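Input: a single structure, listed below in structure tokens.
None of the figures in this text is laboratory data; all of them are computed from the coordinates on show. Keep in mind that what you see is a predicted model, and the values were worked out from it rather than measured. FYI the Cβ positions are ideal-geometry reconstructions off the backbone, even for glycines, and counts take in every protein chain you see.
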Amino acid sequence: MTVTGLIGTVCMFPLRVIIDTCVRLRIHPNILTFVGVVINVAAAWALALGKFVTAGVIMVIANIFDFIDGKVALELKAVSAFGGFWDSVIDRFSDISLFIGLIYLYSRMGRTDYVMVAALAMMFAIMTSYTRARAESIIPKCKVGFMERPERIVLFMIGAFTNRMAAVLWVMLVLSIFTVADRIILTWRELRNAEGVVV
Amino acid sequence: MKQVATLPARVLWNAFYWTYERASWQYDVMVIAILAFVWLTPPDWLNDPMASGSGPLGYVLEWIRR
């Protein structure tokens, strides 16, 4: 087993208890998704105030909701097309809120350079999901690139807990640019190879 | 000879054009590289608005200079 696989397995134990509790209480997954975004806005507020450790703790709580909603939906047999759509839309709000929190903080400090880094990282984070969504309307699957939402969220937490948000933003920016480029390349290749499609 | 020349290029291309699954050994290597950058790079080098100091890498470089 790999190191990241082992970490995932260990984290799954407490999450299993929370999932089972939500299933027992029959909490609708769409409500869990919504609670997740509300808590994420609180994390963004803490980031905006420069309270990184508080923001990190709130992010952990928020992302438990983000993570378990799909699993609860499966176990309650409440999987629906709208649930998937709702989850994707709400995830974008959560992502953008965290970036806006940092943009507010850096602009208040008069740090235009990091306002730009955070804004560009936000742009490419949104483009990462947009390119996949748009690509998968014309090709079967477009799941390439490293920097997806779980990686972004874990990086936000690492940056918050260890006060290394600047380095984290640079990593997010560069790897999100690569991810968007990967998805464009894959879509171009797939369409070029498909018969009867002119690219 | 040709293989030696193309291997680094292939590694770089595979790191850029990422197709590996989570929890693969390639994913582990990427995570270690990212964490090394985040934790070892001195905040001063990045002009970090919220952190300062030279960080672990700065201490090591200073120690070597002495």
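Structure summary
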| read-out | value |
| --- | --- |
| Burial ranking of peptide ranges A:75-85, B:39-49 (average Cβ count within 10 Å, highest at the top) | B:39-49, A:75-85 |
| Per residue Cα convex hull volume in Å³ - calculated over the protein assembly as shown | 176 Å³ |
| Peptide A:124-131 - average C-beta neighbours from other chains (10 Å radius) | 0 |
| Neighbouring partner chain Cβ atoms per residue of B:33-45, average, 10 Å criterion | 4 |
| Overall dimensions of the stretch A:1-153 as given by Cα atoms, namely Rg and Dmax in Å | 16.8, 50 |
| Local electrostatic count at B:Glu21 - Lys and Arg +1, Asp and Glu -1, tallied over other residues with Cβ under 14 Å | 0 |
| Phi to ³J(HN,Hα) by Karplus 6.51 cos²θ - 1.76 cosθ + 1.60 over the stretch A:80-92, Hz, x for Gly, Pro | 9, 4, 5, x, x, 5, 4, 4, 5, 5, 5, 4, 5 |
| Shielding by partners - mean other protein chain Cβ count within 10 Å, residues of A:155-163 | 2 |
| Per residue Cα convex hull volume in Å³ - calculated over the stretch A:99-156 | 78 Å³ |
| R0 of 41 Å, Cβ-Cβ distance A:Glu136-A:Val174: FRET efficiency to nearest 0.05 | 0.95 |
| Summed residue charge, Cβ within 13 Å of A:Val23's Cβ, Lys/Arg positive, Asp/Glu negative | +2 |
| Cα→Cβ-extended label distance, 7 Å offset, between A:Ile7 and B:Val29, nm | 1.8 nm |
| Expected-Rg normalisation [2.2 N^0.38 Å, Cα atoms] applied to the stretch A:1-85 | 1.21 |
